[in-house]
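First comes the structure, then the notes that go with it.
The values are calculated or read from the model by the stated rules, or taken from the named source; none is laboratory data. A quick note: this is a predicted structure, and the numbers were derived from the prediction, not measured. SASA here: full protein model, heavy atoms, side chains in, ligands and nucleic acids out. Shrake-Rupley method; radii C 1.70, N 1.55, O 1.52, S 1.80 Å.
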Amino acid sequence: MHPVQKSARSDARCLVMGILNVTPDSFSDGGSYLGTHQAIEHGLALAAAGADIVDVGGESTRPGALRVPPDEEENRVLPVIRVLAAEGIRVSVDTTRADVACAAVQAGAAMVNDVSGGLADPHMAALVAAMAVPYILMHWRSPSADMYRHAHYQDVVIEVRDELLRRVERLTDAGADVDRIVLDPGLGFAKRPEHDWALLSRLPELTGLGLPVLVGASRKSFIGTALADARGEPVPPADRDSATAAVSALAAASGAWAVRVHNVPANRDAVRMAQAWTARS
Ligand code: PMM
């Protein structure tokens, strides 16, 4: 059985990863949980609401966000991870830095979520191999500051798939266990809405690779744009949760292993509906 899967059964429910951004500037919840105490409370609430995993991040990936020094990133996430892990919560650390990932795993994180797929830090592959923890490998082309310069594709699904496979190879060459790797198409990262929709509607081309796939659609711009009002104004991030849940249900029905979301109850219901639906098909 894949070590990151809860069960090898084909009707296993898609997991729900709750987002805990300990940042002042993440695009939809920046600043809400910046204090350690507030962040811990929110992490406990996400778990109590049914999150299977709580993803703790200390650096925003918002377009144009400035980098946070590594010690500041650690100061934000480590105290939170320590408490949540001690409560028995399965925690992942959202970081592109090998040193931060290492410290987070020592503090109790069970999983590393790297939006750069190993490209931002040349030491990440060796660390993942040495730590033997599940690793979420997201498709990424460049730091957020200039990611839209790289949003050019002939066929986004084929290119994302091939780039992900090259990064898997890089990790396994460094000694990482392929059975601990989770793929993620990286919605919104060097992608425009049409790219995000192509990746979602053709998700089986990624899930068909045989590795678990995580989908991070929650409150992202392509949802705001799809719900734009008559004047073409996108709906604000806080009003995108119902649509996010719809995307989660569809992603789960298309074989996603997990969805990464802000609103846990709505998305937990959504993936349970997908489970009920697909169990009978
Ligand atoms: N998106 C964000 C941050 N981390 N991690 C993974 N694996 N996949 C994602 O799509 C992803 C991520 C940005 O969204 P946020 O600012 O709402 O956390």
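What per residue convex hull volume, in Å³, comes out for the stretch 97-186 when only alpha-carbon positions are used? Don't skip to the answer; put the middle values down first.
Working: hull volume 7.6 nm³, N = 90.
Residue-normalised Cα hull volume stands at 84 Å³.
Using heavy atoms of the protein chains and a probe of 1.4 Å, the accessible area assigned to GLU233 is about 100 Å². Adding -39500 (n - 2.57) for every DSSP H run of four residues or longer, then dividing by how many residues the chain holds, sets the calculated 222 nm ellipticity at -12500 deg cm²/dmol.
Using Stokes-Einstein with the Kirkwood hydrodynamic radius over Cα pairs, what translational diffusion coefficient do you get for the stretch 35-99 at 4 °C and a viscosity of 1.567 mPa s, in µm²/s rounded to a whole number? Approximately 105 µm²/s, per Stokes-Einstein. Derived from the Cα gyration tensor, the three semi-axes of the equivalent ellipsoid of the stretch 72-149 are 22, 14, 11 Å, largest first. According to the Cα-based calculation, Rg over Rh for the chain is 0.93, with Rh computed by the Kirkwood formula.
In whole percent, what relative contact order does the stretch 171-229 give with Cα contacts below 8 Å and a gap of six or more residues?
Working: 39 pairs, mean separation 25.6, N = 59.
For the stretch 171-229, the relative contact order is 43 percent.
Computed over the chain with a Gaussian network model linking Cα atoms closer than 10 Å, the most mobile of ALA228, ALA270, ALA120 is ALA228. Taken as Cα centroids, the stretch 29-84 and the stretch 87-153 sit 15 Å apart, rounded to the nearest whole angstrom. Between GLN38, GLN106, GLN154, the GNM of the chain built on Cα springs shorter than 10 angstrom shows GLN154 fluctuating the most. Each listed q (0.13, 0.15 Å⁻¹) maps to a log10 I(q)/I(0) for the stretch 164-256, found by the Debye formula over equal Cα scatterers with no solvent: -0.50, -0.63. Between ASN21, ASN263, ASN75, the residue with the greatest mean-square fluctuation in the GNM of the chain (Cα pairs under 10 Å linked by springs) is ASN75. Per the Debye calculation on the stretch 123-281 with a single equal scatterer at every Cα and no solvent contribution, log₁₀ I(q)/I(0) for q = 0.16, 0.17, 0.20 Å⁻¹ amounts to -0.96, -1.06, -1.33.
Residues in the chain average 43 Å² of solvent-accessible surface per residue, probe 1.4 Å, ligands and nucleic acids excluded.
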